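A.B. asks: First the structure, which I've put down as structure tokens, then a few questions once you've had a look.
The values are calculated or read from the model by the stated rules, or taken from the named source; none is laboratory data. In this text, all values refer to a predicted model and were calculated from it rather than measured experimentally. Using ideal geometry, Cβ is built from the backbone for each residue, glycine included, and neighbour counts are taken over all protein chains shown.
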2 protein chains.
Amino acid sequence: MKIGFIGTGVMGNGMIANLIKAGYQVSVFNRTKAHAEYAMGLGANWIDTPKQVAQENDVIITMVGTPQNVADIYFGDNGIMNGASEGKVLIDSTTSKPSLDKKIYEVAKDNGISALDAPVSGGDVGAKNGTLTIMVGGNRETFENVMPIFKSMGQQINFFGPAGSGQHTKMANQIMIAGTMTGMTEMLEYGKAAGLDLDKLVNIVENGSAGNWSLKNYAPRVLKDDFKPGFAAKHFLKDLRIALECAQEMNIQLPSTKLAKKLYEKMVDQMHLGNDGTQGLIKVYK
Amino acid sequence: MKIGFIGTGVMGNGMIANLIKAGYQVSVFNRTKAHAEYAMGLGANWIDTPKQVAQENDVIITMVGTPQNVADIYFGDNGIMNGASEGKVLIDSTTSKPSLDKKIYEVAKDNGISALDAPVSGGDVGAKNGTLTIMVGGNRETFENVMPIFKSMGQQINFFGPAGSGQHTKMANQIMIAGTMTGMTEMLEYGKAAGLDLDKLVNIVENGSAGNWSLKNYAPRVLKDDFKPGFAAKHFLKDLRIALECAQEMNIQLPSTKLAKKLYEKMVDQMHLGNDGTQGLIKVYK
């Protein structure tokens, strides 16, 4: 089975490496060809346009930056939709708008093509180690047909419902993280002002009913002034913006998530710290 | 060693039971005598006023409702300060204002009395099982002297610094929980609006980088419409109010915690749901 992979960033590269390791023949396209060198070094073939990627492969996976990138790659003149034909399977793993993946699904379906939205979590480490969590929406039969592909890249692989459901699940996940990140940041800000021993504070809070993954993994980095990205703030802000657009479309109010978005906007847009990790939010409080 | 215990609520009763089990002779006072019957049934003696409790015991522990209750019990005409004398140890386990426990410490010190602030976490289950987390501020020597008493009631017992530091640590803990509770609530609200399978959503989010104690323990209750208190919303709101008063005194801004307080105010003050558990916050979103 031939797989075309579009998007050779840090996530894409990890996923491509695991696909190749699993024995798939992989071709790649990336907006900036130079960034595809790592994947080509692993044995992936370069292809010049998304359209050709779709023409020459059975399954096409996209892992790009923004919903706009996704729209361009699927619906542009040299896009996937102009190259794909009956029987092919399109998988969008970009964290993107549910409504966009619904549109991809519908357009594909009209042409006898299958499409899934399959955003992931687990970061670059998960991508590299093949331990991603993959949240899938679309048609269940298609999902089951490509399960071996998902299994080569991820560990927890779950089907959540019709097209867009994978993206909605990812959005729900990011909404939860907005809570742990703002809570952690304000806890550290408070503890510092109160003159507490912050290592001791983090340790005791982590082991009780306030415990959470962000506190365990990011608070120690904040205390060492380590703001290197596990997950870059600019990407998290993008996700929160999508989540809040969806919330508005669904007519629900998410005031805490909205506030988290404002705080990350300050960090990314005003303070230009978008390449810092999400734990850099504490700089907004200084 | 004779221990006087003031406050025979659900937390106090669990702590008293463990003190008696550890062999201490315990006397109790409670504003409403009828509520002290459980403790008396365990073998605790009734004493008529906080002043007398302080006169007749070596160590006096208070576990009451609000900072105002604490102030009354320590500084009222029939209060602890009018009964305590040199060498006694006062321990306030109420979650209360750090500045109030600092005042208790200072007034006590002027009279040769020792005082600690020692709020707890772990809820009624932790109180009953003797597995509380105890966060202590005051004088370290005093802390070490009464360690056997703390050990009979708790598991994780930590000294955090000068008077008020135990309370500040507890406040930091509650600030963190404000984040996990609002995040969890908005995640569920979003997931529901998006038509996701919420059990499946909670399960997958819980096991990744958004995982946290509230999600694991409270989300399943929300999904079963179980709003019985693990921790009553009215108590949590009290804690958030104290935390934000302290933040203001320390000149720091905690916008997310402030928003959480507003949401819990709606739940408790406007919707009169203060006796529901904190997970009832989702009702504010309906």
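A.B. asks: Exactly one of (1) more than 7 Å from every other protein chain (Cβ to nearest Cβ); (2) without any contact (Cβ under 8 Å) to a residue 40 or more places away in the chain; (3) in a helix (DSSP H, G or I); (4) farther than 19 Å from residue B:113 by Cα is unmet by residue B:188. Its number?
C.D. replies: All conditions pass for residue B:188, except number (2).
A.B. asks: Does residue B:116 count as crowded, with 22+ Cβ neighbours inside 10 Å, in contact (Cβ under 8 Å) with a residue 12 or more places away in the chain, within 15 Å of the chain's Cα centre (by Cα) and away from chain A (no Cβ under 14 Å)?
C.D. replies: Numbers: crowded, with 22+ Cβ neighbours inside 10 Å: yes; in contact (Cβ under 8 Å) with a residue 12 or more places away in the chain: yes; within 15 Å of the chain's Cα centre (by Cα): yes; away from chain A (no Cβ under 14 Å): yes.
The answer is yes for residue B:116.
A.B. asks: Kindly provide the set of residues from region A:157-177 that are closer than 14 Å to residue A:246 by Cα, of a type outside the set (S, T, N, Q) and more than 13 Å from the chain's Cα centre (by Cα), ordered by number.
C.D. replies: A:164, A:175
A.B. asks: Has region A:191-203 got at least one residue that is outside the structural domain of residue A:125 (by TED's automatic domain parsing), in a helix (DSSP H, G or I), crowded, with 24+ Cβ neighbours inside 10 Å and in contact with a strand residue (DSSP E or B) (Cβ under 9 Å, 6 or more places away or on another chain)?
C.D. replies: Scanning region A:191-203, I find at least one residue that is outside the structural domain of residue A:125 (by TED's automatic domain parsing), in a helix (DSSP H, G or I), crowded, with 24+ Cβ neighbours inside 10 Å and in contact with a strand residue (DSSP E or B) (Cβ under 9 Å, 6 or more places away or on another chain), so the answer is yes.
A.B. asks: Tell me, yes or no, whether region A:227-234 has at least one residue that is of a type in the set (D, E, K, R), surrounded by fewer than 20 Cβ atoms within 10 Å (Cβ to Cβ), within 21 Å of the chain's Cα centre (by Cα) and assigned to a loop (DSSP other than H, G, I, E, B).
C.D. replies: Within region A:227-234, one or more residues are of a type in the set (D, E, K, R), surrounded by fewer than 20 Cβ atoms within 10 Å (Cβ to Cβ), within 21 Å of the chain's Cα centre (by Cα) and assigned to a loop (DSSP other than H, G, I, E, B).
Residue by residue, here is whether (1) touching a Gly at 6+ places or on another chain (Cβ under 7 Å); (2) modelled with pLDDT under 95; (3) on the phi > 0 side of the Ramachandran plot holds:
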site: B:7; (1), (2), (3): no, no, yes
site: B:19; (1), (2), (3): no, no, no
site: B:27; (1), (2), (3): yes, no, no
site: B:31; (1), (2), (3): no, no, no
site: B:34; (1), (2), (3): no, no, no
site: B:37; (1), (2), (3): no, no, no
site: B:62; (1), (2), (3): yes, no, no
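A.B. asks: Assuming residue B:183 fulfils every condition listed in (1) free of Cβ contacts under 8 Å to residues at least 60 places away in the same chain; (2) closer than 24 Å to residue B:93 by Cα; (3) in contact with a strand residue (DSSP E or B) (Cβ under 9 Å, 6 or more places away or on another chain) apart from one, which condition is it?
C.D. replies: Of (1) free of Cβ contacts under 8 Å to residues at least 60 places away in the same chain; (2) closer than 24 Å to residue B:93 by Cα; (3) in contact with a strand residue (DSSP E or B) (Cβ under 9 Å, 6 or more places away or on another chain), only one is false for residue B:183: (2).
A.B. asks: Please determine, by comparing only the residues of region A:235-256 that are more than 18 Å from the chain's Cα centre (by Cα) and in contact (Cβ under 8 Å) with a residue 12 or more places away in the chain, which one is nearest to residue A:64 (Cα to Cα).
C.D. replies: Step one: list which residues in region A:235-256 are more than 18 Å from the chain's Cα centre (by Cα), which gives A:247-256.
The next check asks that each one be in contact (Cβ under 8 Å) with a residue 12 or more places away in the chain; those that pass are A:249, A:254, A:256.
Details: A:249: 24, A:254: 27, A:256: 28 Å.
Only one residue fits best here, namely A:249.
A.B. asks: Out of the residues in region A:47-75 that are farther than 12 Å from residue A:29 by Cβ and among the small types (Gly, Ala, Ser), state the one that is farthest from the chain's Cα centre (by Cα).
C.D. replies: A:71
A.B. asks: Go through region A:189-209 and give me each residue that's within 26 Å of residue B:263 (Cα to Cα), of a type in the set (A, V, I, L, M, F, W, C) and out of contact with any helix residue (DSSP H, G or I) (no Cβ under 6 Å at 6 or more places or on another chain).
C.D. replies: A:193 - this is the single residue of region A:189-209 that is within 26 Å of residue B:263 (Cα to Cα), of a type in the set (A, V, I, L, M, F, W, C) and out of contact with any helix residue (DSSP H, G or I) (no Cβ under 6 Å at 6 or more places or on another chain).
A.B. asks: Of the residues A:274, A:230, only one is in contact with a Gly (Cβ under 6 Å, 6 or more places away or on another chain) and not assigned by TED's automatic domain parsing to the domain that holds residue A:95; which?
C.D. replies: Values: A:274 fails: in contact with a Gly (Cβ under 6 Å, 6 or more places away or on another chain).
Just a single option satisfies the conditions, and that option is A:230.
A.B. asks: A further question follows. I'd like to check something: does region A:207-220 contain any residue that is away from chain B (no Cβ under 13 Å) and more than 18 Å from the chain's Cα centre (by Cα)?
C.D. replies: Going residue by residue through region A:207-220, those that are away from chain B (no Cβ under 13 Å) are A:220.
If we keep only those that are more than 18 Å from the chain's Cα centre (by Cα) as well, we get A:220.
Taking every residue of region A:207-220 in turn, at least one turns out to be away from chain B (no Cβ under 13 Å) and more than 18 Å from the chain's Cα centre (by Cα).
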